[in-house]
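Single-structure report; data block below.
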Amino acid sequence: MPQTWNLALAGHLLRRTTFGFTSAQLQQALADGPAKTINRLLAVPPDQVAFEQSVAALIPPEATSQDSGQVWLYRMRNSPYPLLEKATLFWYNFFGVAGSRVPQPGLMEQHITLLRKHALGRFDQMLLAVAQDPAALLANGPPPLVDREAFSGVTVLRGEYHFDPARHRGNLSPEDAVRKTLSEPATAQTVVRRVGRWLLADATPPASLTEAFAHDYDIGKLIAGILRSDQFLDGYRQDIKSPLEFALNLAIPLGVTLPPAELQADLSALGQRIPDPPSRDGWPGGRRWLNHYTIVGRSHLAADIIAKAEHPPDRQTLLNTLIQNDAPREVLQSLAQLDGNELAKAIANLPEFQLS
Amino acid sequence: MTRRTFLAASSFLARAAAQTAVKPDRDGAILVVLQLAGGNDGLNTVIPYEDDLYGRARTTLRLTGNQVQKIGSGLGFHPELRGMARLFNEGRLSVVQGVGYPNMHRDHIIGMQSWQTASPSPQERTGWLGRVADRYADADRGNVPVAFVGRIPAPMAIHSREAIVPTIREANDWALSAGIDPGIDARRDTALAEFVAHTSVTAFSSGHRMAGVIKSSRTPDYPDLPLAQSFHTVAQLIRADLGLRIFLVEQGGASPGEFDNHANQAGNHAVSLRELSQSVAAFCDDLAHDRLLDRVLLMTFSEFGRTVTENGRHGTGHGAAAPVFLAGGRVKGGLIGQHPSLADLDNDALKPHTDFRSVYATALEAWLGIPAAPILGPGFTPIDAIA
């Protein structure tokens, strides 16, 4: 793979950091180069406040986990700050809180909001907040890495967190346990490895980033460091799109709006119930996303999305935006006779489009 | 484990691994699990019509010797189970009596969860069939052995940790009318891209095969009932040979479900059992027509039976033990185990004498040939039900 900035690498950067991108956004990234693009992805965009206000109106007062999943899907499709949503989804998967185990209204919304608040901020603050988050405790008990015994006096009643020192059996309070967890080198290593799995696929993040993270727990800085590292380019097409990425990587460039409830059902059928990962470890991801059934299902979903596109882009725009025109020559030749929606469907069925 | 089950286990693995479009294996055993939602009244399904205690407890719901489909031993099927009575007489249907587990839960959600997870832990997030999928899905080839066929959210029985278990509403969900799109089949230069290309080729040809089955198959005689339509879909999926070995289907919708008859049970129960019997009979007849019934074992379950005594509203409450039906070309046929005694009840419910996990173990070990212990935990021996 060429190491000079080109369309393929611009696409790679936007795939890892957003849920999908338009032709204009891709061309902008190509023109701006990696440094400027990374800065823009990390910065809070000017229209973020207005967007948050418009989304707040969509959240039902007693939001069920399913409602919260649908509002979240709307954000992922429409947010002007996609890296924030992508990081929120990463942390959601990290803590693995299953909506099906949180029947109380409002709690899942609270959980996702908490993760969003810290998603690009400080991990130590996030871990402490999750350790006292009713949804997380109801679904999974204490968060990963933290001493479970420290939570023996903790109860969750009517969606409220209570710590009763009298019923407590361990040597540490929950706050102490979180602090102790943070002081252990394994914690920073685990977090950096998982963030690396998201952004780099199989490559390993530079050791210097782990050292820095163990001192400041700065998630935004860690992500920026990985995106700017040489290893970042090694992850090119070394991962498989999740059903969510597959759907939005088509819908966004084609300008298609998907009803969130419908999208939620379609993604569930392909193995990604939002917000309901299969275990505390989150979705297994990678090759597990694809089996004979889900590949057929993705093809059906792609056809549905493409059928909703009102103005299909021209040939070259489709090839550039969906696969950055990067496929073996015989594959591109096989597409030469196709145009419009037929071309879009053929591209969506290609392995190059399944890869991320 | 005997040498025979060991060999069967290894051949199941080999078959699962070798399942590609190249050489469809037509001899593989298939399990179909049918969930009856709401707690089916086993006592008015397989009826001890000669037992005075039955007649006295069921003051208005009782069915008499003149009404039931007699199957011997003083027992009769509910009058609406005509098709299933025929299968019983043909030796293609067995009744495992008195199935349950110690201290059965009488709450729909917890009761259903117990049968679906087959785990004593309320924290368990996977279902017993989901664990089979995790163990036998072949991630490198994209093969998945388990599917749910139905229109309700996927029941917990198929919840898995890693494998993605399909929820199929109709055969078209797996069908692709077009052939393999241009360009999928080309060589790729990374291992991951090769994996995606290879899996896509087999996936697209499976979708194409499914479309062929939908187009070409004769129109078998299924009644226009939701359960019958699910079975029709299962039969089409079996014919398309997609590598699926286990199907879960349901009758009665999501919790609490249509078998939950607390009032005016007689008419409602008759309608549900008619749908059950007509659908099971149509499925077995369809498969028998194509000589596929010998490959299939159908097993029913419900979260609990009902109370022996009917309530003041001509209905019944949540009970405990109930019968499980096994149907297929290679079941032993007949009655398995005794009808639970009506003189020895637990809080007005029949006591189980056969653990449902032994019935599951029969389906896994004696039928599919895969060891049951990794799925169900140790200690559940198959019952003698397969010929």
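Mind checking Rg over Rh on the range A:102-260, alpha carbons, Kirkwood formula for Rh? Reported Rg/Rh, Kirkwood definition of Rh: 1.04. Taking amide H as placed 1.01 Å from N in the peptide plane, the amide H of B:N40 sits under 5 Å from that of B:E303, B:F304, each at least 5 places away or on another chain.
If only the Cβ of Lys and Arg carry +1 and only the Cβ of Asp and Glu carry -1, the dipole of the range A:243-354 around its Cα centre is close to 300 debye. Relative to the 2.2 N^0.38 Å rule of thumb, chain B has a C-alpha radius of gyration ratio of 1.01. When the alpha-carbon atoms of the range A:232-292 are used, the pair Rg, Dmax equals 12.9, 36 angstrom. Counting only alpha carbon atoms, the long axis of helix A:243-254 and the longest principal axis of chain A meet at about 50°. Over chain B, with a Gaussian network built from C-alpha contacts below 10 Å, which listed residue (B:A270, B:A327, B:A133) shows the highest mean-square fluctuation? It is B:A270. Scanning chain A for GluC sites (Glu not before Pro) in DSSP loops with at most 12 neighbouring Cβ atoms within 10 Å leaves A:63-309 as the longest stretch between them. Exposed loop sites here mean trypsin sites (Lys or Arg not before Pro) with a DSSP loop assignment and at most 15 other beta-carbon atoms within 10 Å; chain B contains its longest site-free run at B:27-150. Restricting the calculation to Cα atoms, the range A:243-354 shows an Rg/Rh of 0.99 when the hydrodynamic-style radius is the Kirkwood one. To the nearest ten degrees, helix B:191-216 and the longest principal axis of the Cα atoms of chain B are 60 degrees apart. GNM on chain A, alpha-carbon springs under 10 angstrom: the most fluctuating residue among A:P206, A:P174, A:P142 is A:P206.
At q = 0.12 Å⁻¹, work out log10 I(q)/I(0) for the range A:1-127 with the Debye formula, treating every Cα as an identical point scatterer and leaving solvent out; two decimals please. Each listed q maps to, in turn, -0.52. Rounded to the nearest 20 debye, the dipole magnitude of the protein assembly as shown is 860 debye, with +1 charges on Lys and Arg beta carbons, -1 on Asp and Glu beta carbons, and the Cα centre as origin. Among A:G220, A:G340, A:G106, the largest mean-square fluctuation in a Gaussian network model of chain A (Cα springs under 10 Å) belongs to A:G340. In order along the range B:252-259, phi translates into HN-Hα couplings of x, x, 7, 4, x, x, 6, 7 Hz, rounded to whole numbers, per the Karplus curve 6.51 cos²θ - 1.76 cosθ + 1.60 with θ = phi - 60° and x for Gly and Pro.
The calculated FRET efficiency for B:K351 paired with A:Q104, based on their beta-carbon distance and R0 = 45 Å, is about 0.75. Per-residue 3J(HN,Hα) values for the range A:28-33, derived from phi via the Karplus relation 6.51 cos²θ - 1.76 cosθ + 1.60 with θ = phi - 60°, read 4, 4, 5, 6, 6, x Hz in sequence order (x marks Gly and Pro). Across the cross-link table entries A:K180/A:K221; A:K36/A:K117; A:K241/A:K345; B:K70/B:K351; A:K221/A:K345; A:K36/A:K241, which are compared at the Cα atoms, the separations over 28 Å belong to A:K221/A:K345. Available extension along the chain between A:D234 and A:A50 is 62.6 nm, counting 0.36 nm per residue and deducting the alpha carbon span. Taking the Cα centre of the protein assembly as shown as the origin and placing charges on Cβ (Lys, Arg +1; Asp, Glu -1), which of A:H292, B:P120, A:L200 is farthest toward the positive end of the dipole? Comparing the listed Cα positions along the dipole, A:H292 ranks first.
For B:I71, the residues whose amide H sits under 5 Å from its own are B:G76, B:F77, ignoring neighbours fewer than 5 places away on the same chain, with H placed 1.01 Å from N. Considering helices alone, the calculated mean residue ellipticity of chain B at 222 nm is -10000 deg cm²/dmol, with DSSP H runs of length four and up weighted by -39500 (n - 2.57) and normalised per residue.
Sorted largest first, the principal axis extents computed over the alpha-carbon atoms of the protein assembly as shown equal 87, 72, 52 Å.
Averaged over the residues of B:204-212, the number of partner chain Cβ atoms lying within 10 Å of the residue Cβ comes to 2. Looking at the range B:87-164, which GluC sites (Glu not before Pro) are in a loop (DSSP not H, G, I, E or B) and have at most 15 other Cβ atoms within 10 Å? Here the sparse-neighbourhood loop sites are B:E90. Per residue of peptide A:296-305, the mean number of Cβ atoms on other chains within 10 Å of the residue Cβ is 4. Spatially, the range B:266-298 and the range A:129-199 are offset by 51 Å when compared through their Cα centroids.
Shielding of peptide B:189-201 by partners, expressed as the average count of other chain Cβ atoms within 10 Å per residue Cβ, is 6. Relative to one another, the C-alpha centroids of the range B:141-180 and the range B:366-387 are positioned 25 Å apart. Among residues other than A:I38 with Cβ under 10 Å from its Cβ, the summed charge is +2 (Lys and Arg +1, Asp and Glu -1). Residues whose amide H falls under 5 Å from that of B:I30, counting only those 5 or more places apart or on a different chain, are B:V296, B:L297, with hydrogens built in the peptide plane.
Here the Karplus curve 6.51 cos²θ - 1.76 cosθ + 1.60, taken at θ = phi - 60°, turns the phi angles of the range A:154-165 into couplings of 8, 10, 10, 10, 6, x, 10, 8, 10, 10, 10, x Hz, with x standing for Gly and Pro.
Computed from the coordinates by the stated procedures, all read-outs in this text should not be read as laboratory data. Not measured: the values here are computed from a predicted model. FYI the Cβ positions are ideal-geometry reconstructions off the backbone, even for glycines, and counts take in every protein chain you see.
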